[in-house]
1. For the stretch 23-42, state whether one or more residues are of a type in the set (A, V, I, L, M) and over 16 Å from the mean Cα position of the chain (by Cα).
2. Taking the condition within 16 Å of the chain's Cα centre (by Cα) and modelled with pLDDT of 95 or more, does residue 121 pass?
3. Restricting the first residue to the stretch 50-64 and requiring it to be free of Cβ contacts under 8 Å to residues at least 24 places away in the same chain and assigned to a loop (DSSP other than H, G, I, E, B), which pairs with a second residue that is near the ligand (Cβ under 9 Å from one of its atoms) and among the polar types (S, T, N, Q) meet a Cβ separation below 9 Å and a spacing of at least six or different chains?
4. Among 99, 109, which is within 13 Å of the ligand (Cβ to nearest atom) and among the basic types (Lys, Arg)?
5. On the given criteria, is residue 91 small (Gly, Ala, Ser), in contact with a Phe, Trp or Tyr (Cβ under 8 Å, 6 or more places away or on another chain), modelled with pLDDT of 95 or more and within 9 Å of the ligand (Cβ to nearest atom)?
6. I need a count of the residues in the stretch 168-214 that are without any contact (Cβ under 8 Å) to a residue 40 or more places away in the chain, among the acidic types (Asp, Glu) and within 16 Å of the ligand (Cβ to nearest atom).
7. Would you mention how many residues in the stretch 195-209 are open to solvent by less than 30 Å² (accessible area, probe 1.4 Å) and assigned to a strand (DSSP E or B)?
8. Among (1) open to solvent by 20 Å² or more (accessible area, probe 1.4 Å); (2) touching a residue at least 24 places away in the same chain (Cβ under 8 Å); (3) of a type in the set (Lys, Arg), where does residue 47 come up short?
Amino acid sequence: MDDRFGTIRDRMVQEQLIPRGISGTNVLEAMRSVPRHFFVDDALRSRAYGDFPLPIASGQTISQPYIVAAMTQALALTGSERVLEIGTGSGYQAAVLSRLCSQVYTVERINVLLAGSRRVFDQLRYFNIVAKLDDGTLGWAEHGPYDAIMVTAGGPEIPRPLIDQLADQGRLVIPVGDQNLQVLQLVEKNGDEIVVRDLERVRFVDLVGEHGWK
Ligand code: SAH
């Protein structure tokens, strides 16, 4: 792999993640290993490990490294899970998840983004990720239920199909709020009981779809 960025990635972990409370050794290791610069435009490669989000195609964004790590940590993955992600975008978050679970299913509604992310997954030989074009607010019923679900776009509410497709004892993270500001919510399913906890304030692009913004 063409990877001149290993040292910069170590520094990202030391300076941006550990001081802000990312402590899971598996999460830190995944953040150290996935080459984030593969997921951005060539012109942005030198800024790929900065402490900020970056633009990708179609007016979308790849989240700041800390947010990727915090959302990943919230899912408390142990390695055996099947995980659903909504909003593939660049593919970076799916790639991080794929290092920490057995299988990632990811759904994107914009074709050029889907095509680009699939190319990078192949290039990096991340073969435990499958991606499809669809409205992810409907989930991906065929492969459910999922041990964990992550939504990487902000919606007005938690889409019902995602709660339905979450396994018992499963965890879901999603930014919920208006189109400017959301709160990251962690949903845990215990039988018929759904427990929702607020984590932190975040800003994501819109979750557009039947159970999102129209
Ligand atoms: N996880 C991505 C973040 C991309 S930004 C990454 O690591 O790069 C959020 C993405 O969600 C955008 O690509 C946007 O097109 C997508 N999105 C928005 N609404 C969606 C929906 N209903 N279904 C699937 N993808 C959606």
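The values are calculated or read from the model by the stated rules, or taken from the named source; none is laboratory data. Because the structure is predicted, anything quoted here is derived from the model rather than measured. Neighbour counts run over all protein chains shown; Cβ positions are idealised from the backbone, glycine included. Each accessible area value is taken on the protein alone, full model and side chains, heavy atoms only, with ligands, DNA and RNA left out. Shrake-Rupley method; radii C 1.70, N 1.55, O 1.52, S 1.80 Å.
1. Within the stretch 23-42 (the criterion being of a type in the set (A, V, I, L, M) and over 16 Å from the mean Cα position of the chain (by Cα)), the answer is no, since none of the residues qualifies.
2. On the way: within 16 Å of the chain's Cα centre (by Cα): yes; modelled with pLDDT of 95 or more: yes.
Yes.
3. From residues that are free of Cβ contacts under 8 Å to residues at least 24 places away in the same chain and assigned to a loop (DSSP other than H, G, I, E, B), the pairs are 53/61; 53/63.
4. After ruling out the rest, the residue left standing is 109.
5. Values: small (Gly, Ala, Ser): yes; in contact with a Phe, Trp or Tyr (Cβ under 8 Å, 6 or more places away or on another chain): yes; modelled with pLDDT of 95 or more: yes; within 9 Å of the ligand (Cβ to nearest atom): yes.
Here the answer is yes, as residue 91 does meet what is asked.
6. Qualifying residue count, the stretch 168-214: 1.
7. The first filter runs over the stretch 195-209 and keeps only residues open to solvent by less than 30 Å² (accessible area, probe 1.4 Å), leaving 202, 204, 207, 209.
Next, only the ones that are assigned to a strand (DSSP E or B) stay: 202.
Residues in the stretch 195-209 being open to solvent by less than 30 Å² (accessible area, probe 1.4 Å) and assigned to a strand (DSSP E or B): 1 in total.
8. Every listed condition holds for residue 47 apart from (2).
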